[in-house]
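> If you scroll down you'll find the structure; I have some questions about it.
The values are calculated or read from the model by the stated rules, or taken from the named source; none is laboratory data. Everything numeric in this text was worked out from a predicted model, so none of it was measured. Neighbour counts run over all protein chains shown; Cβ positions are idealised from the backbone, glycine included. Accessible surface areas use protein heavy atoms only, side chains included; no ligands, DNA or RNA. Shrake-Rupley method; radii C 1.70, N 1.55, O 1.52, S 1.80 Å.
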Amino acid sequence: MQDTITSLINPADEKGQYLEGNELDKLKQYFQTGTLRVKAANQIGSSADSVISESVEKSLLYGDITLPGGNMYPTRRYAACLRDLTYFLRYATYAMLAADISILDERVLNGLKDTYSSLGVPIEPTIQALQAMKEVVTQRVGTEAGQEMDVYLDHIINGLR
Amino acid sequence: MSIVAKVIAQSDISERFLSSAELTQLQDFFNKGSVRISAAQKLAANEQKIVDQGSKQFWNQCPNTPSNSGNAQKTGLCQRDQGWYIRLVSYCILAGNSKPLEDIGLDGMREMYISLGVPLANLKVAMGCLKSVAMGLLSSEEAAIAGPYFDQLIRAF
């Protein structure tokens, strides 16, 4: 995977150059937002299960999807849904810490649409749950860190569309 | 790979969020961000000086070596490589770990210099001289971050 730092170092090395002006400014910005990122990752990681329950409650729980014939019925499929949402939250948190989307492309989105379509997992409800997750996460971590998490959760949403 | 990528990769392998120890490690790294940037800037600005003064020290200690053989082309290549190692140390300082040095400059290094006929023992002395000049240019806080990467470089030879 790439992260902000590596994505600046690798092209500089290709040219045999030190990191300078613009690249160092980007790094400086990243370092300065480090505390915000670490704090948010801590808050999300320590309450991931409740973030997921709340996101499901806000989006899918009271809909037809949890009833017989729905894609979150029976319990096995409900649990699979929780597991996938937890993956999304965990990888979005990694990407937020790295300030780089590449881990989402490599580890989450690569082949996801095909997998979901072959398993019959509906895309729209998945997106609804992710939208709800954005709201729940922002409530937990505050507006500034929430906006940063939105970038990565939105990247998953756009990758599913 | 940076320290950030490293802790993420190790969390990912065990399918968990980052542990509080890992988050503390990252927080410490971010806290030193401006020192890391100033250290890297100083190495970049002084590469030539570090190489020139380091070479003088090196040739004093080790006069019989390819870079001091009177062949200007050889001297040029050896000093170019020394400059590259300073650049790799600057990457490590910014990345918070030694992966850039290992991946770019140490993996295969022994085979390369043996094939070039450059004695590794001499290079070890040369790298020590680069370190000693560089340390003199950095503040104590910057040197505390840069020193271990130079040490790893020296050990590798």
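Residues are listed down the side, and each one gets a yes or a no for (1) of a type outside the set (Lys, Arg); (2) in a helix (DSSP H, G or I); (3) facing chain A (nearest Cβ under 8 Å):
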position: B:Met1; (1), (2), (3): yes, no, yes
position: B:Ile8; (1), (2), (3): yes, yes, yes
position: B:Asp12; (1), (2), (3): yes, yes, yes
position: B:Glu15; (1), (2), (3): yes, no, yes
position: B:Glu22; (1), (2), (3): yes, yes, no
position: B:Gln25; (1), (2), (3): yes, yes, no
position: B:Phe29; (1), (2), (3): yes, yes, yes
position: B:Ile37; (1), (2), (3): yes, yes, yes
position: B:Lys42; (1), (2), (3): no, yes, no
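> Right, next: Check the range A:108-121 and report whether any residue there is open to solvent by less than 30 Å² (accessible area, probe 1.4 Å), farther than 16 Å from A:Ser59 by Cα and within 14 Å of another protein chain (Cβ to nearest Cβ).
yes
> Pairs under 6 Å by beta carbon, first residue touching a residue at least 60 places away in the same chain (Cβ under 8 Å) in the range B:24-37, partner assigned to a loop (DSSP other than H, G, I, E, B) and crowded, with 20+ Cβ neighbours inside 10 Å, six or more apart or different chains?
What qualifies is B:Phe29/B:Gly96.
> Give the residue that is nearest to the other protein chains (Cβ to nearest Cβ), with candidates limited to residues of the range A:35-53 that are surrounded by fewer than 20 Cβ atoms within 10 Å (Cβ to Cβ), within 16 Å of B:Asn31 (Cα to Cα) and not aliphatic (A, V, I, L, M).
A:Thr35
Let's see how each residue does on (1) more than 20 Å from the chain's Cα centre (by Cα); (2) loosely packed, with under 14 Cβ neighbours inside 10 Å; (3) charged (D, E, K, R); (4) under 16 Å from A:Asp3 (Cα atoms):
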{"position": "B:Ile3", "(1), (2), (3), (4)": "no, no, no, yes"}
{"position": "B:Ile13", "(1), (2), (3), (4)": "yes, yes, no, no"}
{"position": "B:Phe17", "(1), (2), (3), (4)": "yes, no, no, no"}
{"position": "B:Ser20", "(1), (2), (3), (4)": "yes, yes, no, no"}
{"position": "B:Ala40", "(1), (2), (3), (4)": "no, no, no, no"}
{"position": "B:Phe58", "(1), (2), (3), (4)": "no, no, no, no"}
{"position": "B:Asn68", "(1), (2), (3), (4)": "yes, no, no, no"}
{"position": "B:Met109", "(1), (2), (3), (4)": "no, no, no, no"}
{"position": "B:Val118", "(1), (2), (3), (4)": "no, no, no, no"}
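> Restricting to the range A:7-26, and then to whatever is in a helix (DSSP H, G or I) and crowded, with 21+ Cβ neighbours inside 10 Å, can you tell me which residue is farthest from the other protein chains (Cβ to nearest Cβ)?
Initial filter on the range A:7-26 (in a helix (DSSP H, G or I)): A:7-14, A:21-26.
Subsequent filtering for residues that are crowded, with 21+ Cβ neighbours inside 10 Å retains A:8-9.
Numbers: A:Leu8: 8, A:Ile9: 5 Å.
Of everything passing the filter in the range A:7-26, A:Leu8 is farthest from the other protein chains (Cβ to nearest Cβ).
> Before we move on, is A:Gly70 open to solvent by less than 40 Å² (accessible area, probe 1.4 Å) and on the phi > 0 side of the Ramachandran plot? Spell out how you get there, then give the answer.
On the way: open to solvent by less than 40 Å² (accessible area, probe 1.4 Å): yes; on the phi > 0 side of the Ramachandran plot: no.
When the stated conditions are applied, A:Gly70 does not pass them.
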